[in-house]
Amino acid sequence: MQLGTRWKAHTAPPQTLDKSVREAVAEVERELTALKQDTSEWYWTLTYLENRPVVQLDDGTTIRQSSTGQIFIENVE
């Protein structure tokens, strides 16, 4: 595993991320606006596993990109 970076939720993700991953982050953040709880202090953490990005929000929501480029969003219930 390789450490990437952290950034505050509701701010722009790193431009080095693949466009499809950035779009998945934007999709999750649109869902956050519907929550009643304050998410303004949440952060995203980017790491790399086998050279593929793994992006995790403080609530455990995780975005992964497969070796074929497919995006998977795992929500913690």
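The values are calculated or read from the model by the stated rules, or taken from the named source; none is laboratory data. Because the structure is a prediction, the values reported are computed rather than measured. Glycine also receives a Cβ, built like all others from the backbone with ideal geometry; neighbour counts cover every protein chain displayed. Remember, those area values only see protein heavy atoms, side chains included, never the ligands or the DNA or RNA. Shrake-Rupley method; radii C 1.70, N 1.55, O 1.52, S 1.80 Å.
Just a few scattered comments:
- Note on the range 4-34: residues that are under 16 Å from Asp58 (Cα atoms) and exposed (fewer than 10 other Cβ atoms within 10 Å of the Cβ) total 3.
- Within the range 56-72, the residues that satisfy the criterion of being loosely packed, with under 13 Cβ neighbours inside 10 Å and assigned to a loop (DSSP other than H, G, I, E, B) are Gly60, Ser66, Ser67, Thr68, Gly69, Gln70.
- Neighbours by Cβ (under 7 Å, 6+ apart or cross-chain): first from the range 26-49, within 13 Å of Trp7 (Cα to Cα); second open to solvent by less than 90 Å² (accessible area, probe 1.4 Å) and β-branched (Val, Ile, Thr): Trp44/Val25; Trp44/Val55; Leu46/Thr5; Leu46/Val55; Thr47/Val54
- Whichever residue in the range 38-55 is closer than 16 Å to His10 by Cβ and in contact with an Asp or Glu (Cβ under 9 Å, 6 or more places away or on another chain) and, among such residues, is surrounded by the most Cβ atoms within 10 Å (Cβ to Cβ): Trp44
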